[in-house]
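What follows is a set of notes on a single structure, which appears directly below.
Rule-based calculations on the coordinates, nothing more; no lab input. Please read these numbers as outputs of a predicted model, since none were measured by experiment. Every residue, glycine among them, receives a Cβ derived from its backbone with ideal geometry; neighbour counts consider all protein chains shown.
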Amino acid sequence: KSVKIFAPATVANLSCGFDVLGCCLDTVGDEMKISLTNSNEVKITKIDGANLPLETHKNVAGVAVEALLASYEKKVGVDIEIYKKIKAGSGIGSSAASSAGAVWAVNHLLENPFTAQELVQFAMEGEKLASGNAHADNVAPALLGGFTLVRSYEPLDVIKLHTPKDLVMTVIHPQIEVKTSDSRSIIKHNVSLKQAIQQWGNVGGLVTGLFTEDYDLIGRSLQDVIIEPLRSILIPEFDTVKKEVIAKGALGCGISGSGPSIFALSKGEQTANIVAEAIQEVYSKTGLDYDIHVSKIN
Ligand code: HSE
């Protein structure tokens, strides 16, 4: 028994929601083929498009599937083929796509013994391997679709939010690699009460804006006073890109996950495309290679 799947890219944090907010892109992602076998072993049989480890315990998909099988009552084997399109260290959930895709596919082949919440927990093991931290803000939207909120990690409580129909994401990925582990190491572990007040005000505002489809409120809430000021120095032309895309009508703009990708949310595809052009113009002057994606959220 086998299944071929699309494993979506995701944008985590969404400015104010470090480690708790994320959303799933509709058109950017990897492909995977997952098969059940009689071998009683999890094997990574093929990786195309990236230089990633084939050893099960060093591969995020392998580790996530082993976590799932450890909670499954019968013995089964799994073969995993990964066709990477999302580059590692891009900030659009490359490791999450593999972990989430693999556990989703195995659960599907086993006829859904696990809940979405449980799948998030298994996929988080892959994130732990990739970045040293079991954050769920990429794997949750990859598994549940749309926008998600991790209300709590202990116990895990993931909530699917509403997706306003006209929201469109523009993401630029400069071709430099920023490891999530490095980008986490520069974050301060204490925040001031003033920063916390601003940040949780924005998280509440963003969630409300999504549910009420209040695009202005979404835009006002896409602010990060804690992480972005520290991490943005890792990203070429971040401030210029942000200024330009807001001038062109984007609702908001920030670092995608741990970077180096930059995301901008717009109302409508037309604005999202204008925003993409504005980013391209800034980046064409840097001499850096980059990918740019415009995608619905689904
Ligand atoms: N919340 C994580 C971080 C996402 O910002 O480190 C990594 O993609």
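Assorted remarks:
- Calculated P(r) tail over 18 Å for the stretch 72-200, as whole % of Cα pairs: 63
- Note on Thr27 and Arg151: the model spin-label points, each 7 Å out from Cα along the C-beta direction, lie 3.4 nm apart.
- Percentage, to the nearest whole number, of Cα pairs in the chain over 37 Å apart: 12
- Candidates Gln223, Gln198, Gln121: whichever shows maximal mean-square fluctuation once the chain is modelled as a Gaussian network with Cα springs under 10 Å: Gln198
- Amide proton proximity set for Thr10, modelled H, under 5 Å, gap of 5+: Leu25, Gly93
- Prolate/oblate/rounded call for the stretch 140-179, Cα gyration tensor, a/c under 1.5 rounded: oblate
- Dipole of the stretch 39-91 [Lys/Arg +1, Asp/Glu -1 at C-beta], most positive-end residue of Ser71, Val42, Leu52: Leu52
- Shape analysis of the stretch 140-298 places it in the oblate category; the axes a ≥ b ≥ c from the Cα gyration tensor give an a/c of at least 1.5, with a/b not above b/c.
- For the listed residue pairs Lys33/Lys75; Lys46/Lys296; Lys4/Lys46, the alpha carbons are over 18 angstrom apart in Lys33/Lys75; Lys46/Lys296.
- Highest to lowest packing among 110-116, 59-65, scored as the average C-beta count within 10 Å: 59-65, 110-116
- Inter-part distance, the stretch 258-294 to the stretch 16-79, computed on C-alpha centroids, equals 30 Å.
- Cβ-derived FRET efficiency at R0 25 Å, Asp19 paired with Thr208, nearest 0.05: 0.80
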